[in-house]
Every structure is written in structure tokens, then in C-alpha cells.
């Protein structure tokens, strides 16, 4: 039995620390409910300085504020102490697995910007930006020394985070003129010493757009089994680009998986080794949305004279370089989105399984995968709502509620799909192609961060229906779902929201018990609700 005085001291100290932590955050956190403050506290858990998972150093020429430094007593080296954001606990807490750009920037708005932790957000943006190469930033950072450029979406989440920074932080536009220390200033350059090749952040951003517009193909450095023992040789080849007719960003091939649905098969027994479970090559719907919102934001920044470019140079031709205006790029996306992605009742394609939904991708190598019902359009419907027809998206949201919505998470694949498997077992050693070694990671299990986007989409689009009853019913629906997550957090020893669940909200021991993007997106939902 715990002695009463020990209990009083520890408990009171713990509660005082929690209260103090909340008091240092934004007014949205300080003046909100216990659930909101509990979600905000996860940023304290997940953000820390971790010696075996360091971030690339920031430029010594960076304007104040700068991260504090510490002298190594053995080497006398001055080391910047830059906090990093863990993907989740316990599986992604340290070493190479901690610093994932994708999870960092899907979580940055919720866990850092809405909580008022602006300095940490700035350092993360600039540190990851220093690793830009091939128009991409790496997903697994590896201190910036041996990063892998196999993620097509990370750079777009990074850009989206910068736009949120400029919109939320007082005088946030100033980050565009911050110095970025480029580790790899050219496609083929060796790693550069910190501060030896500085660029303004706005020039780094422009390079991302230019690399995509001009089309870029490359092969990963060190390609082979020592880099990835499971990948097919062709999977090490990558490409990025923008379709000149539609304005849609595209990339990848059927042997790699460059979006957040990135499970690579590893079972020889089940014959899925080297097979991506979800390649999503071609144009993925959420990447188009991230691109579209980035272009819109840069047009605005250019008009304010914070961003110096109103166009992007296209590939060189016989007549020299030409330019694509950002406004023209934006218009191409808007003109083509609905007609390319919406599956209406009259669609006669033999690949159609569901109608009144949005395609997940277009122009993928495995054409049937374009037509799968997946929840990625929920992200797009929040990030770039301007692309959507309000009648169509409302119908699609009803489909999600009926088909994909679980107790806590959103199913990652339509249960009527042949490839659907709802329970994730990472060490499954069967002969089952669809299950072995957790091949179904994104083919059924119910992810919580997607619930955040579903609720945000429902709230936003209910307001566009111009019907007070619809809005009232939607808010009631959202609050009912949130109440389940309040209970889930309170029962969780890790004091956060998990990565995913198995069928019908059953706990999954192979998933993180607390995940950054799960906590972040629910903070975003609650922030949206607070603005009604």
C-alpha cells in the first residue's frame, strides 16, 4: 500500500506540473476543457531532445530566436538542442524511427501551432528543410546523414505546415526569410557542413515546385538489399512530376509506396515480399490537395510581397525556359478535379465497386486501385475544399459514415474490397498474402487520425449546406464520437490516443498506444468546434 504522504506529494506535484504545462500554452488550451488540455499534454510527452535521434543543425546565421546550445564535455563541441517530435510510443520513440517527417508535419498544426509552441515548430520546419534533395524531404531522417528519399508526400506536408505557421503565428510570414542550412544543395552533392550553403526558406520552397514542374527521376543512393532488404529492385527508382494538362502532382511506381500508406511486404512464405500493399502511384488525392493549398497560399504570400515568385520555370525547350504562373496552375487543378475523381451513378467502368465516392488515385499502374474506397479524400476535403462540389462531397461523407466509420478510427479500405483485412497482426507468419507480416496495415485497420479529418470534413461541409438543422445534427454527431475518444484517452495508461484499432475498436497490441497525429487531429477538430 502506498504511504499516504508519499501519495500526496507525488500526486500534487504531478498535478501542479500538468497545470503549469497548460499555463504555458495558447489561450485555446488554457481556457478549454480537460480533454483538450489532456490532448495538449501529449505534445509534452512526444516532443523532447533525444540524443540518439538528433535533428540536422540549423544555420549559425539564423536570426533570433535560436535553439539553446550545450557543450559536449568530452569533445568540447557546441551542440544545438533541437526538440524532435516522436511519431508514437513505444515503437517510434528513438533512433531512426523517431524522426519521421510525415508524422512530424501531419502533427505540427495540432500539437505545436494550436498549443502555442511556435519556436519548436519553426526549428522543425527549418531543420527538415535543410535535408531537401530531389525536390523531396526524407521521411526517416537519420540525423540527415543517411536519409532515404522514398516519400512523395512528406514535402507537401512540410509545405502545408509552413503555410499554417504563417497563418497562425504572429508575424509568421517572417519564417519565409529565415536561413536554411542545406545539407545537399544539389542532387548529387555530398553532405555539406552546417552553414556552408545557406538559402532563404522561400528559395527552398521554390525549388520544390520547380523540381516537380520540371519532372525528376532518380534512383535511391545505396539501392539494394543493404538499404532495404524487402524492396524489389525497381522500387528504388523514383519519379515526381506535375501533369501539364490537369496540374495534378504525380509520382512513384507500382513497386514503391511513397505516401503514408507505405507498407512494404516482407514475407517470402506468403509471396508478398517486395510487393507494396498500397503503391498509390500516379496522382494521390491528398497530395493534389496539399499541392493546391500550397499554391493558393503562395499566391497570397506573393501578393503580400513575402514570397518573391509568382511562377515556376518549366522544363527547358528549344525556345528556352518558359514559366507557369501559379494562378494558372491553381486553375488547372480546380478545372479538372471533380471530373477526374468523382465517381457518379452513371460511371460504367468495370473497375467501379462503389459510386458516389471519390477515387483514391488516378493513373496508377494497377488501374483498379484508383477506384477503391479509401478515406484519403477526407484529408483533401479539409485541406483544399475549393476543389469539391458541395453536393458530391456531402454524399461521399455519408458513404464514409455508413461504410468506413468505426468505433474510434476510420477503416483504411472498404470492407467489401477483396483485399480488406481488418485486424493488424504484424508478426503473422502464415501463407496468407493479404495478412502475412502485417501486409494489411493500411488495408482495413481503423486509424484514429483519419477520424479527425472525417469530423473536420463533416463540420466544414455541414456549414456549406446552408441548413441550420443539418449543422446542429452534425455537431451532435461529432460530439458523440468525441465522447468515445475522451473515454479512450482516460482509460489509456499512456494518456493519449492510439495509432489505430482492429475491427470495431478492438485494441491492437502491434500499434502505438499513443500516436502524434491521432492526438493532433483531434485537437484540430476541437479547435474547429470552438469557432462555431
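The values are calculated or read from the model by the stated rules, or taken from the named source; none is laboratory data. Small disclaimer: the values here were computed from a predicted structure and weren't measured. A quick note on method: Cβ atoms are made from the backbone with ideal geometry, for glycine too, and the neighbour counts reach across all protein chains shown.
The residues listed here are 274, 241, 265, 282; of these, the one that is under 30 Å from residue 433 (Cβ atoms), touching a helix residue (DSSP H, G or I) at 6+ places or on another chain (Cβ under 8 Å), modelled with pLDDT of 95 or more and surrounded by fewer than 22 Cβ atoms within 10 Å (Cβ to Cβ) is 274. Look at the range 5-17: where a residue is assigned to a helix (DSSP H, G or I) and a partner is modelled with pLDDT under 90, sitting 6+ places away or on another chain with Cβ atoms under 9 Å, you get 10/2. Just to be sure, is residue 126 out of contact with any helix residue (DSSP H, G or I) (no Cβ under 6 Å at 6 or more places or on another chain), within 30 Å of residue 28 (Cβ to Cβ) and either outside any loop (DSSP other than H, G, I, E, B) or modelled with pLDDT under 95 (or both)? Taking the combined requirement at face value, the residue satisfies it.
Taking the options 38, 107, 26, name whichever one is within 29 Å of residue 260 (Cβ to Cβ) and under 21 Å from the mean Cα position of the chain (by Cα). Step by step, each of 38, 107, 26 is checked, and only 107 is within 29 Å of residue 260 (Cβ to Cβ) and under 21 Å from the mean Cα position of the chain (by Cα).
Results for (1) crowded, with 24+ Cβ neighbours inside 10 Å; (2) part of a helix (DSSP H, G or I), shown as yes or no for each residue.
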position: 449; (1), (2): yes, yes
position: 454; (1), (2): yes, yes
position: 470; (1), (2): no, yes
position: 481; (1), (2): no, yes
position: 489; (1), (2): no, yes
position: 497; (1), (2): yes, no
position: 519; (1), (2): yes, yes
position: 522; (1), (2): yes, yes
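Going through (1) closer than 30 Å to residue 115 by Cα; (2) loosely packed, with under 15 Cβ neighbours inside 10 Å one by one, residue 180 falls short only on (2). Restricting attention to the range 59-98, the residues being touching a helix residue (DSSP H, G or I) at 6+ places or on another chain (Cβ under 8 Å), within 12 Å of residue 49 (Cα to Cα) and in a loop (DSSP other than H, G, I, E, B) number 4.
The set of residues from the range 255-270 being touching a residue at least 12 places away in the same chain (Cβ under 8 Å) and over 16 Å from residue 443 (Cβ atoms) comprises 255, 256, 258, 269. You will find that of 65, 3, the residue that is surrounded by fewer than 11 Cβ atoms within 10 Å (Cβ to Cβ), modelled with pLDDT of 95 or more and more than 28 Å from residue 522 (Cα to Cα) is 65 and no other.
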